[in-house]
Every structure is written in C-alpha cells, then in structure tokens.
Amino acid sequence: MRCLGKWAQVLTVAAVLGLCSPLAAANELRSQLDIRPNNRTEGLPRDVADQLLRLGGSQEAAGQYQQAINSWSQALAIYQEIGDMAASGIAYDYIGLTYGNLGRYVEAEDALRRRLAVARDNADFQGQVFGWNNLGSIFIQRGDVGLAQTAFTEALTIARSLNSYQGIGLSLSNLALVATARGNAQEAVKLYESAANYRFRGGDRLGEANTLNGLGDAYRSLFQMSDAIGAYRLALRSGRELGDLAIQLRAIDGLLAIYLNRGDLQDARTLLDQRVALTAGQADQWQQLNTLRLLGEYYEQIGERELAKNFYEQALAIAQRLEDSQAVVFLNNRLLDLSSALSD
C-alpha cells in the first residue's frame, strides 16, 4: 500500500518547515535559548517576571498558545521596567515564534524585529544570531524563502565572526530548510551534515538531534533509506536521553514512513507502540491526530479493516476540530475506501 508513504512524506516536509505543528519550532527555540533564573537582585519584580516566563513555557507546551503569549508579554513588561534587555530579548523570541506558529505573521515579525533591535542596541551579537535565525524561520513559514535565506545568511556571518559553534550549526541547519524548500535535497544534505558537526562540537545536543531529524528527511527524499534510518535512529536515541518528546516523535514518524511504506510491519508495530505511549494523555491534538492516523494505516495494511476504520474516524474528528483540510480530505478518502471494501 503506497498511500501512507506519500502522506507521511508530506507531513514530514510540513513539520520541517514548521507548518504542521507548533512543536517543531518551539523545540528548535528551546535548543537556542538557555533560560535560567537571573542572579541579579531586583527582588520581587524579577521573581514575578521569571515565574511568568516559565509559566508561559508550560502553557506553550500544553498547547495554550495565546495564554503563553499573554504570560510572556507580562514578563516582558517587567523586564523592560527593570532594564533587563537580555531577558527582554528572550521574551520577544518566545512571543514572536509562537505568533508564527499560530500563523499570525505580522505580529510575529514585529516581535522578532524588536528582539533584533534590543540585541543591536546592546551589542549582543549572540542575540543577533538567534534573532536573525528566528526571524528567518517566520519568513520560511509564510513562504518568503528568499528573505529567509538572507536572514539565515546574516546569522551565519555573525556566528562565524564570533566562532560560535552553536550559532553556526543553527544557521547552517536553517539554511538546509531553505534548500529543502527549493527542492535541492542534495544541498540540504550537505548543509545538515555540516550543521550536525558544528552542533556536536558546540555541545548542543538538542540542536544536533533536531538537525539529524532534518538530515533523515533529506536522505529520505533522495531515497537513501539506509542513511535516513541511521540519522533518525541517532536522533531518537538523543531524544530519549534528553527526555525530549518532540525529537522522539519526529524521529519515530520518519522511521514509520519508511517501515510502513516498505511493509516492515514488525518494526513499524514496535515504533507505533512507542508513539502511543509517548502521546497518551498529551494535550497536543496534532500529535494525537498523527498517532490515530498511523494506527489506522497500520491496521489497514495488516487487513484489520474495522480497527482501521475506528482509528480513522477518531483521527477525522480531531482533524475537523483543528480545521486541517488536508488531513480531513485524506481521512475521508481512506474511510470511503474502507467502507467500500467492508461492504464487498
């Protein structure tokens, strides 16, 4: 059965570009920022701002994106009042990328340009690296690939001037997204491989795992399945060691797309069990949708049509709530095919 391979590939490319679920961009942001309680002594206002920043992170992880933006905006106001520009920049990053994940690109670009302005005013070159990368991620999400390349290239130039392995790796990985968006998978592979090396050298394990997942996608688009499996497995191992849900799910989905497409049902079943365990009780409906869809594909492939129909119906209900038209069309088509087969 070939339809799963095509659908899974579409979903994976969408996730690479940050278009399928807010988890991807949020996870990459966490690989850039290291938020810790500030040791300066402004007292209660700082404590409140730090707590609001963490609260926003918890809300974002639970899928409460507007509430997260509200919390970060309150934190930002306090940081600005006490004159902490570094923390202000972090708050702008979170606000901007979350607006982007919601498709509110005007607000996203405004917040991230303000973040860049703060970094420039304070000669914060590392902040400029992250600012340009985050702004570029908004451009690529809204389809402005040329602007994205310009932003990522500016970030790479600054990162190289600082000899920042973390910044170089992040910028190269994002330039690989540009190559992917332009259909140049060979160039994407080269950029991802270089990015993974820099992220490893910089001790950025979370960023390295994100890059490895992107590398797996690029290999898969070139039908280099053994290389893709190797990249995904490395990412999955890192995701487990780091306890990072988004990295694990993305690696699992890449592997599932390969195994189900070529009929490796035992390996697929093992990974599906892992995906079910990871997403059980999670608030992210995008991930619930993907789990149910993949279960439907698996049971359809092994001939358990009633079970497949049940999982597709559950997935369809979520897709309709999320207003995911592509998923709705796909699931309706699978249900029509199953209904026809069951009535024969």
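Residues in segment 163-211 that are in a helix (DSSP H, G or I) and touching a Phe, Trp or Tyr at 6+ places or on another chain (Cβ under 6 Å): TYR165, ILE168, GLY169, SER171, ASN174, LEU175, ALA176, TYR198, ARG201, GLU208, THR211. Look at (1) in contact with a Gly (Cβ under 9 Å, 6 or more places away or on another chain); (2) on the phi > 0 side of the Ramachandran plot; (3) not aliphatic (A, V, I, L, M) and you find that GLN285 fails only one, number (2). Would you be able to tell me the number of residues in segment 323-344 that are exposed (fewer than 15 other Cβ atoms within 10 Å of the Cβ), within 24 Å of the chain's Cα centre (by Cα) and among the aliphatic types (A, V, I, L, M)? Selection size over segment 323-344: 1.
Being of a type outside the set (Lys, Arg), more than 18 Å from ALA257 (Cα to Cα) and within 25 Å of the chain's Cα centre (by Cα) holds for only one residue in GLY303, GLY281, and it is GLY281. Scanning segment 272-310 for residues that are closer than 26 Å to ASP244 by Cα and either polar (S, T, N, Q) or in contact (Cβ under 8 Å) with a residue 12 or more places away in the chain (or both) yields a total of 23.
Please tell me if SER221 is surrounded by fewer than 23 Cβ atoms within 10 Å (Cβ to Cβ) and over 30 Å from GLN59 (Cβ atoms). Spelling it out, SER221 is indeed surrounded by fewer than 23 Cβ atoms within 10 Å (Cβ to Cβ) and over 30 Å from GLN59 (Cβ atoms).
Here, each number is a calculation from the coordinates, and none is a lab measurement. What you are looking at is a predicted structure, and each value in this text was computed from that prediction instead of being measured. Glycine gets a Cβ as well: all are built from the backbone with ideal geometry, and neighbour counts include every protein chain shown.
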